[in-house]
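What follows is calculated from the coordinates using simple rules that are stated; it is not laboratory data. Everything quoted here is computed from the prediction, not taken from an experiment. Ideal geometry is used to build each Cβ from the backbone, glycine not excepted, and the neighbour counts take in all protein chains shown.
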């Protein structure tokens, strides 16, 4: 099952590049990694500073990081007059998921 999901993702990403979408652009690792860091940081701040429980802090941290990604895309679109990048937002959400996985597995406290 795991290998079929990985194979399907590879096929979808390869096909999307043929149609002009930039799923594997050079800035995608920045979106992914910064979302991991921001999610871990904001969840920790929510727990430590605001005193939220674990469930609420994860929701607040995820929402905070996603809102920063949306603001960044809005800035690109309306201030910089570039295109809105759904691909960047997908990588932001993948980073949020990665941050939550790290936190839930207690690799980062």
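Going out from 0 in 10 Å bins, what whole percent of all Cα-Cα distances in the range 26-104 drops into each bin?
In whole percents, the pair-distance histogram is 22, 47, 24, 8, 0.
Does a label point 7 Å from the Cα of residue 22, set along Cα-to-beta-carbon, have any residues of the range 67-106 with amide nitrogen under 12 Å, and which are they?
It comes to 82-88, nothing else.
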